[in-house]
Amino acid sequence: MSSLKELQDLIHEKYGIDMSELDPSASMREKGLDSLALVEFLFAVEDHFHINLPDVDSNVDTLAELAVVVDRVRAAKAAA
Amino acid sequence: MNSIAVTGLGLVTSHGDTPDAVFAAIMRGESAVQPVFPELPKPAAAATVAFDQSRWFTKLQLAGVDRVSQLAVAAADLAMKDAGAAGDIDPERIGVYAGCGMGGAAALEAAYRSGGRVPPLTIPAFMPNAPAAHVAMRQKALGPVLTYSVACASSAVAIAEAAKAVQSGEVDVAIAGGTEALIVPGVVLAWQAMQTLASFNPGEAASSVRPFSLDRTGFALGEGSAFVILESAERARRRNARVYAYLAGWGISCDATHLTKPDVPGQARALRAALRRADLKPRDVGYCNAHGTATRIGDVIERDALAEVWGNDLDHLSVSSTKALHGHLLGAAGALEAAITVLALQHRQLPPNANCTEIDPACRMNLVTRTGVAAPQLEVALSNSFAFGGTNAVLLFKRA
């Protein structure tokens with residue numbers, strides 16, 4: 001299970017960032033998601049997947065890295 | 001003293017966002033007050049703005065930006081473009097002086113209604129100085145960026161403070177005005193509880209606000225933002241800028257008597273201070289854009305304050321409250337009404353005091369009861385803003 005596609009759809013829907021610019025390995029901060037926008041985006045991710053994200057490691061900078069975290073939380077929730 | 005020039009106007013209002021269109025609608029006596037929130041137990045009316053966020057923000061830029069800041073960013077940007085002032089200013093010499101009564105009401109209401117899952121950017125969205133900060137970021141203003149929260153006088157005070165900063169040489173250009181966006185159910189309920197809002201029969205919301213009229217019952221809330229660009233007359237002349245009018249004087253006083261009850265001596269002190277600073281006499285002033293909230297007490301007090309200062313010259317002063325048409329913008333009221341006053345001077349036309357069917361004998365003065373009134377001799381006009389908390393602010397403009 002990878003959440004990457006859904007995350008890409010969500011960020012496109014929420015911020016109107018073009019699909020072609022949603023390179024999973026690109027820095028989200030460099031794409032214009034500053035710390036405030038990122039906080040808001042993570043809130044939306046929690047709503048979308050009905051999960052609670054742990055305090056996301058500040059090293060998480062790309063969508064691919066975020067997808068790994070979301071996958072882990074969803075898997076843990078499914079197993080619980 | 002013609003030292004402060006108004007060289008730009010930026011309006012985001014219920015009557016549109018170009019100064020001439022807004023002024024034309026006001027001159028026609030068009031009311032923007034409409035019913036809102038039919039789900040509320042008591043009928044409510046307000047003047048709201050048809051605002052297209054996408055003209056000013058990408059979706060990404062909207063993270064944590066409340067409507068009150070969005071309107072401010074748009075109005076300030078329109079004002080700067082109107083002044084043609086950007087580009088050749090040292091950013092450290094630009095100041096932002098913004099009035100705001102409440103801050104991000106929609107953000108706070110959404111937090112309360114979130115069922116406990118409060119959006120994480122509620123605080124930066126709500127804080128009352130957010131609009132000024134967003135204007136500064138958009139305009140790259142690196143000088144003083146200040147917020148004035150003085151209830152209904154907020155943005156008139158902001159404009160006066162900006163004028164002082166220009167006059168003292170602290171800044172070269174001041175982006176001064178105000179913003180308010182609190183047409184959300186919780187805030188409307190609070191204002192209804194305060195018993196200052198106009199009551200109306202079904203279908204009559206548009207004419208519900210009747211300043212100085214015998215049958216007045218209060219005001220309607222309005223939202224919007226208005227900014228002016230202030231700079232020294234010398235700077236405006238040097239860069240060949242179009243000057244709408246000169247801010248010739250301002251007066252600020254406090255009643256220091258009661259939190260919400262207005263006071264004749266306090267208002268008269270502000271009026272006299274503005275005249276003194278402008279070195280003008282009451283007879284020199286042709287038009288007053290009144291605070292005129294259409295409350296039972298407030299309108300009589302304002303009339304008495306004008307009568308006290310103008311004395312036998314009161315009949316020479318044409319008076320109207322345009323709140324009947326655009327509602328009460330609270331923290332943005334002073335700025336919008338200052339802009340309308342400036343446009344009245346520029347066009348030499350007097351905005352109507354709409355919906356006044358029969359003048360209250362206790363408010364007897366020279367009200368502009370008709371639409372489309374020309375004033376070919378108009379040279380000086382003033383705008384009154386009198387706040388809860390007792391602060392009174394008067395801005396006095398001279399024709400360019």
- Query: Once the principal axes of the Cα atoms of chain B are found, what is the range along each, listed largest first in whole angstroms?
  - Reply: 60, 57, 39
- Item | Peptide B:60-67, shielding by other chains (average Cβ, 10 Å cutoff) | 5
- Query: What translational D, rounded to a whole number of µm²/s, comes out for the protein assembly as shown from Stokes-Einstein when the hydrodynamic radius is the Kirkwood one over Cα pairs, at 25 °C and 0.890 mPa s?
  - Reply: 105
- Residues B:Lys398, B:Lys164, B:Lys140 in order from fewest to most other beta-carbon atoms within 10 Å are B:Lys140, B:Lys164, B:Lys398
- Okay, helix-only estimate at 222 nm for chain B: each DSSP H run of n ≥ 4 adds -39500 (n - 2.57), divide by all residues, round to 500 deg cm²/dmol; what do you get? -9500 deg cm²/dmol
- How much FRET efficiency would the formula 1/(1 + (r/R0)^6) give for B:Ala193 and B:Arg283, where r is the Cβ-Cβ distance and R0 is 45 Å, rounded to 0.05? 0.55
- Quote the relative contact order of chain A in percent (integer), defining contacts as alpha-carbon pairs under 8 Å separated by 6+ residues. 44
- Message: Can you give the FRET efficiency to the nearest 0.05 for A:Arg29 and B:Arg242, using r as the Cβ-Cβ distance and R₀ = 51 Å?
- Response: 0.75
- Item | Charge dipole magnitude, Cβ of K and R +1, D and E -1 - region B:250-399, Cα centre, debye nearest 20 | 300
- Partner chain coverage, peptide B:117-123 - average Cβ within 10 angstrom: 3
- Message: Using a 10 Å cut-off around each Cβ of peptide B:36-44, what is the average number of partner chain Cβ atoms that fall inside?
- Response: 0
- Message: Taking the alpha-carbon distance from A:Lys77 and a cut-off under 20 Å, which lysines remain once sequence neighbours fewer than 8 residues away in the same chain are dropped?
- Response: A:Lys5
- Message: With an 8 Å Cα cut-off and a minimum separation of 6 or more residues, compute the relative contact order for chain B in percent.
- Response: 24
- Task: Could you tell me, in Å, what Rg and Dmax come out for the Cα atoms of region A:4-79?
- Result: 11.6, 35
- Task: Positive end of the charge dipole of region B:4-238 (Lys, Arg +1 and Asp, Glu -1 on Cβ, about the Cα centre): tell me which of B:Ala133, B:Ser213, B:Ala75 has its Cα farthest that way.
- Result: B:Ala133
- If we count other beta carbons within 10 Å of each Cβ, what is the order of B:Ser155, B:Ser207, fewest first? B:Ser207, B:Ser155
- Count, lysine Cα pairs under 25 Å in chain B, 8 or more residues apart or across chains: 13
- Lys/Arg +1, Asp/Glu -1 at C-beta; region B:1-126 dipole; positive extreme among B:Thr13, B:Gly101, B:Gly29: B:Gly101
- Net charge dipole size for region B:4-238 [Lys, Arg +1 and Asp, Glu -1 on Cβ; Debye, nearest 20]: 280
- Item | Within straight-line cross-link reach of A:Lys31, aspartates and glutamates at Cα separation under 19 Å, skipping those fewer than 8 residues along the same chain | A:Glu6, A:Asp9, A:Glu13, A:Asp18, A:Glu21, A:Asp23, A:Glu40, A:Asp57, A:Asp61, A:Glu65
- Message: For a Förster distance of 41 Å, can you work out the FRET efficiency between the beta-carbons of B:Lys42 and B:Asp315, rounded to the nearest 0.05?
- Response: 0.55
- Give me B:Asp360, B:Asp17 ranked fewest to most by other Cβ atoms within 10 Å of their Cβ, as a rough exposure proxy. B:Asp360, B:Asp17
- Convert each backbone phi in region B:122-132 into a coupling constant with the Karplus relation 6.51 cos²θ - 1.76 cosθ + 1.60 (shift: θ = phi - 60°), then list the ³J(HN,Hα) values in order as whole Hz, x for Gly and Pro. 4, 5, x, 6, 7, 4, x, 8, 4, x, 4
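None of the figures in this text is laboratory data; all of them are computed from the coordinates on show. Bear in mind that the values here come from a model prediction, so they are computed numbers and not experimental data. Reconstructed Cβ throughout: ideal geometry from the backbone, glycine too, with neighbour counts over all protein chains shown.
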